[in-house]
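See below for the structure under consideration.
All of the numbers you see were taken from the coordinates with simple rules; none came from a lab. Everything numeric here is computed off the predicted structure, so don't read it as measured data. A quick note on method: Cβ atoms are made from the backbone with ideal geometry, for glycine too, and the neighbour counts reach across all protein chains shown.
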Amino acid sequence: MNASIDFAPHVPLLLLWIAIGLAVALTVASFVLRARGAWARALVFATLIFVIANPLIVNETRTPLPDVVAVIVDQSQSMGIGDRRAQEAAALATIKKQLAALPNLEVRTAAVQTLTTGEDNGTQLFAGLNGALADVPPERVAGAILITDGEVHDAPPIDKLGIRAPVHALIAGQRDEKDRKLTVLNAARFTIVGQGAAMTIRVDDFGGTGGGLAPVEVRVDGVSRGVQTVPVGKPATLQVPIQHGGENVVELEARPGPSELTLQNNRAVVTVSGVRDRLRVLLVSGEPHAGERVWRNLLKADPSVDLVHFTILRPPGKQNLFIPLEELSLIVFPTRQLFMEKLSGFDLVIFDR
């Protein structure tokens with residue numbers, strides 16, 4: 001319990017100070033002029049000022065609030081490599097036991113998973129830290145402990161950390177770990193069919209001496225397109241052949257290095273849309289009608305479209321028994337030639353009526 005003296009004046013503080021000033025001035029003047037009753041007036045002024053000031057004796061009972069320490073546990077996919085999970089569990093148990101022995105301390109534990117959707121994907125470790133301490137005043141934050149493998153995708157600069165307390169990191173794994181990683185730096189989204197799609201990649205050997213060459217196998221739609229050698233640690237541009245229109249699934253896979261933690265980051269998949277320089281279109285109209293001109297104008301408006309238009313004037317089932325076949329001016333629609341022999345030469349077939 002803490003005791004103190006406070007004042008709750010009955011008038012505004014400014015008026016109280018003015019009254020004190022007048023009382024002091026009148027009292028001093030009384031003593032200077034040797035007026036009778038100077039001591040009595042001084043006592044009256046002091047009593048009035050004391051009553052107006054309204055002094056109070058304040059007794060406070062204070063209960064200290066506990067400090068808060070945040071323990072953020074990284075449970076991302078990369079923590080499943082080797083014995084990192086076991087190291088994490090052992091470190092968490094030890095930290096909880098030691099923190100529980102400290103008085104007046106609240107421990108908040110939060111786990112962070114790997115995010116695979118949205119813009120902020122990956123391991124958002126510091127987002128979990130800020131969420132755990134969101135409702136805690138800065139004065140109560142004692143510190144933070146991060147148990148992670150170091151693969152963090154939202155680490156802010158020190159001046160933008162958001163907390164004014166020590167932040168400790170316990171790194172899981174081994175000091176001499178080595179791993180190879182393939183990263184796609186830039187890839188073309190569209191490429192003309194028959195040409196190569198440019199892709200800039202980089203192969204890194206973490207924990208190694210650096211330098212050297214790494215073979216990278218290229219597969220398109222599951223079919224191998226060869227192996228190309230790229231320098232380790234430097235950007236390299238590959239030309240991937242695109243053979244058909246539409247989506248082409250390109251797989252790039254770096255061959256395993258001398259020592260690997262995981263082979264999952266040796267592979268990358270990119271989708272490239274193949275577009276044709278010229279589009280061959282077959283338009284088949286079941287009967288003559290005015291809408292045929294609309295189709296032709298629409299398709300011929302694009303100079304890159306090669307249009308072949310057939311209108312069926314003599315259906316196969318319509319025959320005149322009184323006219324010999326050799327005397328008919330209309331030939332039978334060439335079904336076999338178009339749809340069996342030459343269909344592969346068209347990129348688009350439109351059936352109209």
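List of remarks:
- Shown for the range 156-227 is the translational diffusion coefficient from the Stokes-Einstein equation, using the Kirkwood radius over Cα pairs, a temperature of 20 °C and a viscosity of 1.002 mPa s: 127 µm²/s.
- Built amide H within the under 5 Å cut-off of residue 309, gap 5+: 283
- Inter-probe distance in nm under a simple model that places probes 7 Å from Cα toward Cβ, at residue 52 and residue 289: 10.2 nm
- Linear extension gain, residue 244 paired with residue 29, 0.36 nm per residue minus alpha-carbon span: 66.5 nm
- Tail weight of P(r) past 39 Å, computed on alpha-carbon pairs of the chain, percent: 59 percent
- Taking other Cβ atoms within 10 Å as a rough exposure proxy, 84, 225, 62, 180 sort from fewest to most as 62, 225, 84, 180.
- Less than 5 angstrom separates the built amide H of residue 106 from those of 67, 68, 69, all sequence-distant by 5 or more or on a different chain.
- Here the peptides 33-40, 269-276 are ranked by packing, the mean other Cβ count within 10 Å, and the order with the highest first is 269-276, 33-40.
- Using a Förster distance of 22 Å, the FRET efficiency for residue 85-residue 183 (Cβ separation, nearest 0.05): 0.30
- Note, ³J(HN,Hα) from phi for the range 62-76, Karplus 6.51, -1.76, 1.60, rounded to Hz, x at Gly and Pro: 10, 10, x, 7, x, 6, 10, 10, 9, 10, 9, 10, 7, 10, 6
- Each label point was placed 7 Å from the Cα along the Cα-to-Cβ direction; for residue 348 and residue 280 their separation is 1.6 nm.
- Here the simple spin-label model places points 7 Å from the Cα toward Cβ, and for residue 75 and residue 336 these points are separated by 6.8 nm.
- On the basis of the beta-carbon distance and an R0 of 25 Å, residue 213 and residue 127 show a calculated FRET efficiency of 0.05.
- Projecting the Cα atoms of 115, 145, 133 onto the charge dipole of the range 115-239 (Cβ charges, centred on the Cα centre) puts 115 farthest toward the positive pole.
- Amide H partners (placed H, <5 Å) of residue 145, local residues excluded: 70, 71, 72, 168
- Only Lys, Arg, Asp and Glu carry charge here, each on its Cβ (+1 for the first two, -1 for the last two); on that basis the range 102-237 has a dipole of about 380 debye about its Cα centre.
- Taking Cα atoms only, the orientation of helix 13-32 departs from the longest principal axis of the chain by about 20 degrees.
- At full extension, residue 14 and residue 302 could sit 95.1 nm farther apart than now, given 0.36 nm per residue minus the alpha carbon distance.
- Cα-derived Rg to Rh of the range 81-156, Kirkwood definition: 0.99
- With contributions of -39500 (n - 2.57) from each DSSP H run of at least four residues, the per-residue ellipticity at 222 nm computed over the chain stands at -6500 deg cm²/dmol.
- Sites residue 7 and residue 163 - FRET efficiency at Förster radius 35 Å, r taken between beta-carbons, to 0.05: 0.35
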